1. Fewest to most neighbouring Cβ within 10 Å: what's the order for 250, 301, 101, 198?
2. Considering the dipole of the range 6-140 built from charges on the beta carbon (Lys and Arg +1, Asp and Glu -1) around the Cα centre, which of 36, 18, 102 is farthest to its positive end?
3. With angles folded into 0 to 90 degrees, how steeply does helix 120-130 sit against the dominant principal axis of the chain? Use alpha carbons for both and round to 10.
4. Compute the length gained on full extension between residue 278 and residue 15: take 0.36 nm times their separation in residues and subtract their Cα-Cα distance, giving the result in nm to one decimal.
5. Stokes-Einstein diffusion coefficient for the range 2-79 at 25 °C in a medium of 0.890 mPa s, Rh from the Kirkwood formula over Cα pairs: what value in µm²/s?
6. With the cut-off at 1.5 for a/c, could you classify the range 47-206 from its C-alpha gyration tensor as rounded, prolate or oblate?
7. Apply the Kirkwood formula to the range 102-171: the hydrodynamic radius equals the inverse of the mean of 1/r over all pairs of different alpha-carbon atoms; give it in Å with one decimal.
8. How about the range 118-226: which GluC sites (Glu not before Pro) there lie in a loop by DSSP and see at most 13 other Cβ atoms within 10 Å?
Amino acid sequence: MQHGDQGIIVKALGDETVVWFEPANNYLLMKAPAYSVWVLLQGGMSVSKAAGWFASRYKLSGIEAKKFVVEIDRVIKQQNRKKEGAHTKEGSSISCPQEFHSVRQYKFRGACFCFRYETVEIELLFHPLIKHLETGHISGGAHYYLYRLGEKFVLQNTRGVIGQWEADDIHSFKGKLFMELLNNAYQMQEEDWMCVLHAAAVCYGESCLLFTGQSGCGKSTLTALLLANGFYLLADDFVPVEARTGHVMHFPAAISVKESATALLAALYPELGEAKIYRDTAPNKTVRYLSPLGKQAIDKHGFPVKALIFTKYEENSGFSLKLLPHGMAFRNLIPDSWLSPLSENVKRFLDWFAEMPCYQMVYSDNSKMVSAVEKLFKSGL
């Protein structure tokens, strides 16, 4: 179901319905009672009449029903307001620093990049993740300037300012620069991408699996264990999905390994034990970076996704893998992901996600985890 003229796209996900609102570029996931009320209000019914219908349908008092309907109406109006532009208009000009702490040059898929970092602080946001792409002196390529302007982080290229972000929005700052790297490497534009997911993409053969979960779930450790068992890394934390095909493309960021997992993984990757220790953006957290392995993975242009797996390492849990309702999977995946604001890509994304098998995996037995992943790649579950 699609309401293109109204900037709304609707898609059923199991027993829930997701609604995308174009003005706010936001998704709402609703179960039957809320969705039924939304349909009535969207069709032009007044709040009072919708409350009367709701009270009769669900055997509620008039006060309870009206309170519920008023809240749905408030949310709808909120979603139909455009988000205010938070960043400097792309291409605008502001004063760029004359001096920079460092100049780093990188190469990915034949594309060359030169990053000028104003401070050590800014360099540490990016360089450890792409240090393995660093190359010697290059001529040409894309040039980027990364600096602070008051309390904001600024990203600029030779044409002007790309954007600026508050200190508490570093995630978006990093995402934009990585998107620039991605577009240059693949000769694509932002509208060519359906989404960028906060997950890890591991491939084997002709397809890939996506692994995600809440912070501290052990996703990076799981990814590193899979690589040590013959799988290949497509992307970690920044997983780009091409809009036309729904295939995951390679992005070469390093895997961040928390100190709690270093001893386990250093037995498989001796270089990790000697790797430099960095302070993570999370308080009192330190990480080391493991360079991506398995260069075979980048020879193919893109990989279709077999399944999305929400992972959690839980001590003494053994191993369990079960199907996860799409609504629950959607709620868990969306908050930290970038989704294209273009309506045609939104529809592609919702169709793609609705067909995606979703699982919840809880484990403490690494060998069973690896065996289950291998089985899923080869024959499904």
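Derivation of every value follows stated rules applied to the coordinates shown; laboratory data play no part. In this text the structure is predicted, and so the values were computed from the model without any measurement. Heads up, the Cβs are rebuilt from the backbone with ideal geometry, glycines too, and the neighbour counts pull from every protein chain shown.
1. So the residues, fewest neighbours to most, are 301, 101, 198, 250.
2. Towards the positive end, the residue furthest out is 36.
3. 90
4. Gain in length upon complete extension: 90.3 nm.
5. D, rounded to a whole number, is 191 µm²/s.
6. prolate
7. With all distinct Cα pairs of the range 102-171 included, I get 12.7 Å.
8. Those satisfying the criteria are 151, 206.
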